[in-house]
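The values are calculated or read from the model by the stated rules, or taken from the named source; none is laboratory data. Being a predicted model, the structure only gives us computed values, none of them experimental. Cβ sites come from the backbone with ideal geometry, for glycine too, and all protein chains shown count toward neighbours. Just the protein is used for accessible areas: all its heavy atoms, side chains included, with ligands, DNA and RNA removed. Shrake-Rupley method; radii C 1.70, N 1.55, O 1.52, S 1.80 Å.
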Amino acid sequence: MSVPSGTTHAPTTASDALPTADLAAAHTLLNCLLREVSGPEHQTAVDDGHLFLRLPRRGVLLRVALRRTSLFGAHRFTGPVAEQRPGDGSWAEVDWLRLAEHTRAELSLRTGVSNDEFLAQVRSSHAGVAAALAAPRGKHTDPYLSSEQSLPLGHRFHPTPKARTGAASAWSSYAPESAATFPLRMLAVREELVAQETATQHATAALDRLHPVPEGYLLLPAHPWQYALLADHPTLLAALDRGDILDLGPGGAPFTATASVRTLYDGDTFLKFSLNVRITNCLRKNAAYELSGAVALTRLLAGALDDLAVRFPGSAVLREPAYRSAAVAGPDGRTDISLLEGLGVIVREGLAHRVLPGATALLAGAVADEYPTSGAHISRLLGDTGPERAAAWWAAYTRLLIPPVLAAYFDHGLVLEPHLQNVLVCVDAEGMPAQVVFRDLEGTKLVPEHHADTLASLPAEIAGPMTYDAQRGWDRVVYCLLVNHVAELLAAVADLHPHLETRLWAQVRATIEAYAAEHGCPPRLSALLAGVPLPAKANLLTRWARVADREAGYVRLPSPLAEELLTRTDSLWSTAR
């Protein structure tokens, strides 16, 4: 597309200052439009230190100043977004709500359907970001917990990263952004009414240790927010009246909210609760098949995960060896599934089970955030040590992260989901990468042709959601690994040393090539190295269509991995210097 001439502005330098909620909302929407709408239709250009972006069906031309351009097209913005006036060609500032309205109108024309929820969700997200920015940070001295609670802006390629249902008062009490720590609500359930599965001996000990219960009962901890949301549930009220469930009140040691909101940690065990609250795109409850599926995957994949840990000793996966809930009959005499799911809790191993001695775990999302919001950020880990240490840090990290994910897919038919919220970066005393830890088996899937016998042994309602076909699984791996994770962390390193960007992508390519040389280079890996477009999850279009994340489509992004591109870009950079 052509762009109008205007005043020349040099790209501004990066700043530690966090954006306002207004700017954050506008920049996030612009990111989504760039990736999913205008970019794929070649309706963007970079000129005079600005990104110009046209909404093709509305004919609206937008402009924003750039802090830094990106080889991957994931540019860094600064300042307000402006739109060109149709009459005289001058520019007028656009606030976040007008940009949301432009987005709604463009998508209505593009898809032929409307979405009456969209603007309300953008408003909700804006309010969530504003509240998170206003909350005090740095309350935790534990660097791990601090990293989990240090993401006030959320996913920068999601149109509503902090959208949420529920009362503001509930969010302030339980949100990680407000450094929430609180006791659980303790319930006791008659033993014969307990639903649970385990993959290992003593897996439920992590629950039983939390609080004593009367004889004949088992402990069922509940997220206090979820318990409040279930306060009027008729089956629960009847069970409490009969004494089938006892409400023991708040108790035990406090748990801390992690980045996912519903997963809590007490320093020993992670507990993943159901939470009937919509966050970004999904209602965050543990479906019945997810409760059983987590335990089934822990049991069935023990051999594969042990193999990966031996072959790639700098990696580990947190297992989920148990779940527990209440199987209470509803008015129709059958188990009330809504209550079983609503009270279901999954036990996940704590850090001590898998993190190497002496290493400090940090949430990858905090390390890679666009802005340094905690001591976990890459700028804090590297300090003022210069570009060579940054390049060494990156080389060490890619060698830890990428090979086990590829081996899981190609050797075991296992689709890990290593996006930034599902990976912990474990660093040594000097801040250098020592280990990566993957978590959350909900997103882990099986490729059917590798696991036909295993899947045949499971009930269809559990086996079905546990699988991706080979191509969809590969798209998910590449998106989570390279687009969501590697590209974002690489961008944070490049913010510190912009001239390293091509070198950093070359290191990603070299890591994949080294894996291919040692473990074989199947066709999908060959295509990746040849620079085929990379799949990026279409969060904006998925939210607009109101479909589940599992059904999300992908847009294809030009790949920065092609050897010819890296060589040419590096040569151009050397000449420019």
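Which one of 408, 366 is under 19 Å from the mean Cα position of the chain (by Cα) and crowded, with 23+ Cβ neighbours inside 10 Å?
The unique qualifying residue is 366.
Return yes when residue 291 is touching a Phe, Trp or Tyr at 6+ places or on another chain (Cβ under 6 Å) and assigned to a helix (DSSP H, G or I) and no when it is not.
It is true that residue 291 is touching a Phe, Trp or Tyr at 6+ places or on another chain (Cβ under 6 Å) and assigned to a helix (DSSP H, G or I).
Assess whether residue 123 counts as being surrounded by fewer than 20 Cβ atoms within 10 Å (Cβ to Cβ) and either closer than 30 Å to residue 174 by Cβ or under 25 Å from the mean Cα position of the chain (by Cα) (or both).
Considered against the rule, which asks whether it is surrounded by fewer than 20 Cβ atoms within 10 Å (Cβ to Cβ) and either closer than 30 Å to residue 174 by Cβ or under 25 Å from the mean Cα position of the chain (by Cα) (or both), residue 123 comes out as yes.
Can you tell me which residue in segment 162-173 is surrounded by the most Cβ atoms within 10 Å (Cβ to Cβ), limited to those that are touching a Ser or Thr at 6+ places or on another chain (Cβ under 6 Å) and not basic (Lys, Arg)?
Filtering segment 162-173 for residues that are touching a Ser or Thr at 6+ places or on another chain (Cβ under 6 Å) and not basic (Lys, Arg), the one surrounded by the most Cβ atoms within 10 Å (Cβ to Cβ) comes out as 163.
Filter segment 369-395 down to the residues that are open to solvent by 30 Å² or more (accessible area, probe 1.4 Å) and either under 30 Å from residue 328 (Cβ atoms) or not aliphatic (A, V, I, L, M) (or both) and list them by number.
Listed by number, the residues that qualify are 370, 375, 380, 383, 384, 385, 387, 388, 389.
Where residues in segment 541-577 are in a helix (DSSP H, G or I) and of a type in the set (Val, Ile, Thr), which of them is modelled with the lowest pLDDT?
Filtering first and then ranking leaves 575.
Name every residue in segment 441-480 that is under 18 Å from residue 423 (Cα atoms), without any contact (Cβ under 8 Å) to a residue 60 or more places away in the chain and open to solvent by 10 Å² or more (accessible area, probe 1.4 Å), in order of residue number.
The answer is 445, and nothing else.
Being surrounded by fewer than 20 Cβ atoms within 10 Å (Cβ to Cβ), of a type in the set (A, V, I, L, M) and more than 20 Å from residue 329 (Cβ to Cβ) is the filter here; which residues of segment 183-205 pass it?
Within segment 183-205, 205 is the sole residue that qualifies.
One line per residue, one yes/no per condition, for (1) open to solvent by 60 Å² or more (accessible area, probe 1.4 Å); (2) at pLDDT below 95:
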{"position": "89", "(1), (2)": "no, yes"}
{"position": "92", "(1), (2)": "no, no"}
{"position": "98", "(1), (2)": "yes, no"}
{"position": "104", "(1), (2)": "yes, no"}
{"position": "133", "(1), (2)": "no, yes"}
{"position": "140", "(1), (2)": "no, yes"}
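State all residues of segment 212-228 that are crowded, with 16+ Cβ neighbours inside 10 Å and either assigned to a strand (DSSP E or B) or out of contact with any helix residue (DSSP H, G or I) (no Cβ under 8 Å at 6 or more places or on another chain) (or both); if no residue qualifies, say none.
Passing the criteria: 213, 217, 218, 219, 220, 221, 222, 227.
When you go through 538, 491, 487 one by one, which is the residue that is touching a residue at least 40 places away in the same chain (Cβ under 8 Å), in contact with an Asp or Glu (Cβ under 7 Å, 6 or more places away or on another chain), buried (at least 18 other Cβ atoms within 10 Å of the Cβ) and small (Gly, Ala, Ser)?
After ruling out the rest, the residue left standing is 538.
Mind listing just one residue for me: the one in segment 232-260 that is assigned to a loop (DSSP other than H, G, I, E, B) and under 24 Å from residue 333 (Cβ atoms) and, of those, farthest from the chain's Cα centre (by Cα)?
243
Quickly run through segment 336-364 and pick out the residues that are free of Cβ contacts under 8 Å to residues at least 40 places away in the same chain and either part of a loop (DSSP other than H, G, I, E, B) or among the polar types (S, T, N, Q) (or both).
Of everything in segment 336-364, just one residue is free of Cβ contacts under 8 Å to residues at least 40 places away in the same chain and either part of a loop (DSSP other than H, G, I, E, B) or among the polar types (S, T, N, Q) (or both), namely 357.
Does residue 176 satisfy the condition of being farther than 20 Å from residue 27 by Cβ, modelled with pLDDT of 90 or more and buried (at least 17 other Cβ atoms within 10 Å of the Cβ)?
Considered against the rule, which asks whether it is farther than 20 Å from residue 27 by Cβ, modelled with pLDDT of 90 or more and buried (at least 17 other Cβ atoms within 10 Å of the Cβ), residue 176 comes out as yes.
Evaluate segment 547-555: report whether one residue or more is among the β-branched types (Val, Ile, Thr), out of contact with any Pro (no Cβ under 6 Å at 6 or more places or on another chain) and free of Cβ contacts under 8 Å to residues at least 40 places away in the same chain.
Checking segment 547-555: at least one residue is among the β-branched types (Val, Ile, Thr), out of contact with any Pro (no Cβ under 6 Å at 6 or more places or on another chain) and free of Cβ contacts under 8 Å to residues at least 40 places away in the same chain.
Please state which one of 476, 439 is under 16 Å from the mean Cα position of the chain (by Cα), farther than 26 Å from residue 144 by Cα and basic (Lys, Arg).
The conditions single out 476.
Specify which of the listed residues (100, 131) is in contact (Cβ under 8 Å) with a residue 24 or more places away in the chain and over 22 Å from residue 541 (Cα atoms).
Step by step, each of 100, 131 is checked, and only 131 is in contact (Cβ under 8 Å) with a residue 24 or more places away in the chain and over 22 Å from residue 541 (Cα atoms).
Name every residue in segment 320-358 that is among the basic types (Lys, Arg) and under 15 Å from residue 194 (Cα atoms), in order of residue number.
Of everything in segment 320-358, those that are among the basic types (Lys, Arg) and under 15 Å from residue 194 (Cα atoms) turn out to be 324, 334.
Considering segment 332-363 alone, what residues qualify as being surrounded by 22 or more Cβ atoms within 10 Å (Cβ to Cβ) and touching an Asp or Glu at 6+ places or on another chain (Cβ under 7 Å)?
346, 347, 348, 363
Mind listing just one residue for me: the one in segment 54-70 that is under 25 Å from the mean Cα position of the chain (by Cα) and either open to solvent by 50 Å² or more (accessible area, probe 1.4 Å) or small (Gly, Ala, Ser) (or both) and, of those, nearest to residue 536 (Cα to Cα)?
Taking the candidates together, the pick is 70.
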